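The values are calculated or read from the model by the stated rules, or taken from the named source; none is laboratory data. All values derive from a computational prediction rather than experimental measurement. With ideal geometry, Cβ positions are generated from the backbone for all residues, glycine too; neighbour counts draw on all protein chains shown. Note: areas computed on protein heavy atoms with side chains; ligands, DNA, RNA excluded. Shrake-Rupley method; radii C 1.70, N 1.55, O 1.52, S 1.80 Å.
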Amino acid sequence: MRAIGSFFYTLALALWVGGGALYTFVLTPAIFAAYPRNTAGEIVGTMMPHYFRFQSTAAAVAALVVLALWRSWPGRRRAVCLALVFGAIAVQSFVQWRLYPQILEVKSRVASFESAPDAPERRRFRSLHGVSMLLNLLILADGMVLLALAPVRRVPKKESDSLFGE
């Protein structure tokens, strides 16, 4: 049970961090580089609910595994990991259910993102978007810390464990 749980915990964290990094540092910049700003914003906006669901699911799986393996982890590590996972879930929930709807509401009042950069609604959008980006990076960092703290099962190496039987 512990080995399977550790596998799913590490997998959930890897998907959380890898998916978040791919979306944040590769896909979104590529879309904005390839399309006009308004079109890119629409594409990324279409992807956001899926991104939120993916990140929330990965964090929830990690939380469930921490709870399931509660007694098999050292006391301080399990408490820190549980606090980090639930902290990330809380931040992700805030972004998904409170901040993102505010961003969409402000975005709906912006006629174009390609003109009038100093319009009040554009400034409000930039401000909310900046908070969202900062919280996204915080969630990614949280996941990376959790990966660093993940229990690693160390198996003593035997001569017969070699890949080629040498």
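Structure data summary
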item: Accessible area of H50 in the full protein assembly, 1.4 Å probe (Å², nearest 10); result: 110 Å²
item: Span-rule helices in the chain, defined as complete DSSP H runs reaching 30 Å or more along the axis (Cα) with Kyte mean at least -1.0; result: 37-68, 120-149
item: Accessible-area value, I139, 1.4 Å probe, nucleic acids and ligands omitted, Å²; result: 10 Å²
item: Cα-projected label distance for E121 with N38, points at 7 Å along beta-carbon direction, nm; result: 1.2 nm
item: Which of F125, F52, F25, F8 is most accessible, then next, and so on - probe 1.4 Å; result: F25, F8, F125, F52
item: Accessible-area ranking of T46, T39, largest first, probe 1.4 Å; result: T46, T39
item: Solvent exposure ordering (accessible area, 1.4 Å, most first) of S115, S6; result: S115, S6
